[in-house]
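A short write-up of the structure that comes next.
The values are calculated or read from the model by the stated rules, or taken from the named source; none is laboratory data. Given the structure is predicted, the values throughout are model-derived calculations rather than measurements. Cβ: placed from backbone, ideal geometry, glycine included. Neighbour counts: every protein chain shown. We work out accessible area using only protein heavy atoms, side chains counted, and drop any ligands, DNA or RNA first. Shrake-Rupley method; radii C 1.70, N 1.55, O 1.52, S 1.80 Å.
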Amino acid sequence: MIVVNVLHRPIRTVVSVLAVAIEVTMVLIVVGLTTGLLNDAARRTQGIGADVVVQPSGASFMFSLSSAPVPVKVGDRLAEIPHVLAVAPVLFQSDLSTHGIGVIFGIDMASWNRVSGGFVYLSGESFRGPMDVLVDDWYAKANHLKVGSTLSLLSQNFHVCGIVEHGKGSRLFIPLSTAQELSSSHDKASIFFVKCTDPGYTDDVEAAIQRLLPGWEIHSMQQFMSMMTSNNLPALDTFIDAMIGLAVSIGFLVIFLSMYTTITERTREIGILKSLGASKGYILGIILKEASLLGAVGIIAGYIGAALVRKVLVGSFPTLYVESMSAGWAAKAAILALLGALIGAFYPALRAARLDPVDALAYE
Amino acid sequence: MEPIIRTEDLKKLYRIGKLDVPALRGVNLIVEEGEFLAIVGPSGCGKSTLLHILGGLTGPTSGRVLVDGNDFRAMNDADRTRFRRHKIGFVFQRFNLLPTLTARDNIELAQSIQGNGFNPRRFAQVTEMLGIAAKLNHRPYALSGGEQQRVAIARAVICEPKILLADEPTGNLDTENSQLVLNMLRTLNRSFRQTILMITHNPEAAAVADRIIRMRDGRVVSA
């Protein structure tokens with residue numbers, strides 16, 4: 001009876017299923033995008049190969065939100081600490097018009113190579129001039145760049161000197177001196193990546209830096225990675241919650257309207273069921289089962305929708321990392337969608353259960 | 001032996017706007033088990049209201065109703081629903097089949113609501129007797145009026161109710177189908193001692209019953 005009723009009203013069924021599917025797709029894509037953004041940033045930061053990360057006080061683990069730069073000479077003092085193998089100062093530059101919330105790393109190639117082990121060049125070579133830029137392979141693919149191309153960044157024309165394998169901090173690298181020049185931050189750096197002679201000395205080196213630079217943000221790479229969650233990013237959790245709330249509201253409202261109109265349309269049928277002795281619980285059960293069925297089909301359609309949207313996004317924006325659907329979030333999205341559908345159907349179901357049988361039977 | 005239906009000074013008022021409109025003004029009625037009773041009277045005389053009260057679809061305003069030993073005054077809505085599920089079968093003028101279900105599903109629905117499970121023997125017996133065994137996979141729109149009404153009768157009696165309440169069962173049928181339906185009701189009454197109360201405007205239909213009672217202005221005027 002439930003399946004027959006759902007199939008008997010195809011337009012209503014399609015609209016309801018679509019609403020739930022959009023709800024589930026929205027939840028999974030928003031979560032996939034935000035966690036993808038964080039996980040991608042975390043992977044690339046870890047890929048630098050440093051053991052300790054040193055930032056001035058008030059800096060964020062999101063590099064694009066970093067605070068004012070500090071003298072690059074701090075790096076010389078860090079290099080003197082026992083068990084420190086190398087220190088790579090980096091000055092961040094943001095170019096929101098072309099890179100979203102990504103950042104350009106201004107690097108000193110020699111120290112960067114000592115900390116990171118150097119880039120893997122897929123084509124081209126290292127900086128030769130101040131207006132050279134290195135791009136990673138994903139960025140090159142997304143922007144159709146090759147060695148020798150001109151890239152407009154920070155209101156300047158840069159020359160692409162090399163394409164490197166992705167996964168080391170940023171997708172764009174320019175010489176440190178150029179970054180300093182363009183931001184009028186002479187002899188300044190935003191962050192110092194510290195490499196120890198052996199990873200076993202990380203705690204000792206971290207403690208020594210804390211003594212040297214009290215009040216600074218000093219973290220082992222492990223700690224730094226653990227901070228890269230949505231909980232530590234201002235307003236990100238609120239944004240996710242707001243988007244989930246919006247998605248659930250869509251599902252709830254459409255199911256509510258769908259069930260409400262269904263009840264009006266089926267008043268006489270409900271009267272017939274009541275004349276056969278159907279209890280309030282039986283009527284309530286029928287409506288809620290119908291809503292659950294619409295919800296379940298919508299959830300499956302939502303999973304398919306999320307996979308398709310992810311595929312389109314990744315295909316259209318190669319530098320955009322959208323995390324694939326996790327079992328945990330798939331379950332959460334399903335529970336939210338099902339709850340939304342059941343709550344949306346509850347009032348119409350209750351209204352149906354409370355219909356007077358004589359009035360319902362007389363309904364035209 | 002206690003009658004299966006007994007009403008004493010049964011009254012029902014409907015509130016329409018600020019007015020109380022009396023539908024029943026003190027109905028006293030006794031129906032014995034196995035009796036086939038026809039209720040006749042002009043429109044608005046309270047026939048359907050009486051049937052709705054006896055079937056537990058609505059409660060009386062005052063007076064006493066005893067059906068199969070159950071006093072409706074002591075029963076709430078849920079009790080009356082339970083009572084209806086097990087003891088009452090309804091047949092309506094407009095058939096009232098669920099349009100999305102096949103004839104078979106419409107009949108089985110009554111068993112499903114009753115909760116005693118599907119009884120294939122009873123199902124076969126009833127559908128054979130009503131001559132609808134070949135039409136069970138048809139939806140209502142694919143059945144004639146007479147066939148729809150026979151499916152509705154099957155649905156009403158499939159759970160072996162104590163009382164069958166029929167509200168103008170031939171009102172939407174032509175003469176041939178009316179006669180067929182009346183014969184079915186007569187057969188049910190004779191073969192299974194099914195107690196039947198049938199409202200009708202049609203004197204020929206009423207003549208099929210064992211007894212005819214006439215109503216006017218909310219009262220039984222002759223029994």
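Could you say whether any residue in segment B:51-58 is over 25 Å from B:Leu182 (Cβ atoms) and part of a strand (DSSP E or B)? No - not one qualifying residue is present in segment B:51-58.
Quickly run through segment B:15-31 and pick out the residues that are in a strand (DSSP E or B), free of Cβ contacts under 8 Å to residues at least 12 places away in the same chain and not aliphatic (A, V, I, L, M). B:Arg15, B:Asp20, listed by residue number. Which of the residues spanning segment B:30-49 are more than 14 Å from chain A (Cβ to nearest Cβ) and closer than 23 Å to B:Leu188 by Cα? Selection gives B:Ile30, B:Val31, B:Glu32, B:Glu33, B:Gly34, B:Glu35, B:Phe36, B:Leu37, B:Ala38, B:Ile39, B:Val40. Looking across segment A:67-110, the residues that are of a type in the set (Gly, Ala, Ser) and either at pLDDT 90 or above or not in a loop (DSSP other than H, G, I, E, B) (or both) come down to A:Gly75, A:Ala79, A:Ala86, A:Ala88, A:Ser97, A:Gly106, A:Ala110.
Residues in segment B:190-220 that are at pLDDT 90 or above, open to solvent by 10 Å² or more (accessible area, probe 1.4 Å) and not in a loop (DSSP other than H, G, I, E, B): B:Arg190, B:Arg211, B:Ile212, B:Arg214, B:Arg216, B:Arg219, B:Val220.
Out of the residues in segment A:151-163 that are under 16 Å from A:Asp95 (Cα atoms) and open to solvent by 60 Å² or more (accessible area, probe 1.4 Å), which is nearest to the chain's Cα centre (by Cα)? Restricting to residues being under 16 Å from A:Asp95 (Cα atoms) and open to solvent by 60 Å² or more (accessible area, probe 1.4 Å), the top hit is A:Ser152. For segment A:176-185, the criterion of being part of a strand (DSSP E or B) and either in the same structural domain as A:Val133 (by TED's automatic domain parsing) or crowded, with 20+ Cβ neighbours inside 10 Å (or both) is met by none of the residues.
Scanning segment A:309-318 for any residue that is small (Gly, Ala, Ser) and in a helix (DSSP H, G or I) turns up at least one such residue. Of everything in segment B:120-148 that is within 14 Å of chain A (Cβ to nearest Cβ) and assigned to a helix (DSSP H, G or I), the residue that is surrounded by the most Cβ atoms within 10 Å (Cβ to Cβ) is B:Gln148.
For B:Ala103, state whether it is more than 10 Å from every other protein chain (Cβ to nearest Cβ) and at pLDDT 90 or above. Against the criterion (more than 10 Å from every other protein chain (Cβ to nearest Cβ) and at pLDDT 90 or above), B:Ala103 qualifies. Number of residues in segment B:50-92 that are without any contact (Cβ under 8 Å) to a residue 60 or more places away in the chain, open to solvent by 20 Å² or more (accessible area, probe 1.4 Å), within 11 Å of chain A (Cβ to nearest Cβ) and out of contact with any helix residue (DSSP H, G or I) (no Cβ under 8 Å at 6 or more places or on another chain) equals 3. Only residues that are more than 29 Å from A:Gly124 (Cα to Cα) and open to solvent by 10 Å² or more (accessible area, probe 1.4 Å) were counted across segment A:186-198, and they come to 2. Take the residues of segment A:308-364 that are open to solvent by 40 Å² or more (accessible area, probe 1.4 Å), within 25 Å of the chain's Cα centre (by Cα) and of a type in the set (Gly, Ala, Ser): which is nearest to A:Glu23 (Cα to Cα)? Going through the qualifying residues, I end up with A:Ala331. Going by the structure shown, is A:Lys289 more than 40 Å from the chain's Cα centre (by Cα), in the same structural domain as A:Thr13 (by TED's automatic domain parsing) and either of a type in the set (D, E, K, R) or farther than 30 Å from A:Arg12 by Cα (or both)? Answer is no for this residue. Just one of the listed residues (B:Gly117, B:Gly34) is surrounded by fewer than 21 Cβ atoms within 10 Å (Cβ to Cβ), part of a loop (DSSP other than H, G, I, E, B) and modelled with pLDDT under 90, and it is B:Gly117. Could you go through segment B:19-27 and let me know if any residue there is touching a Leu at 6+ places or on another chain (Cβ under 9 Å) and exposed (fewer than 14 other Cβ atoms within 10 Å of the Cβ). Yes, segment B:19-27 contains a residue that is touching a Leu at 6+ places or on another chain (Cβ under 9 Å) and exposed (fewer than 14 other Cβ atoms within 10 Å of the Cβ). Take B:Asn183 and tell me if it is of a type outside the set (A, V, I, L, M, F, W, C), in a helix (DSSP H, G or I) and either at pLDDT below 90 or over 14 Å from B:Phe90 (Cα atoms) (or both). Criteria met by B:Asn183. Note on segment A:199-304: enclosed helices (runs of 4 or more DSSP H) holding 1 or more residues that are away from chain B (no Cβ under 14 Å), open to solvent by 70 Å² or more (accessible area, probe 1.4 Å) and among the β-branched types (Val, Ile, Thr) are A:236-265.
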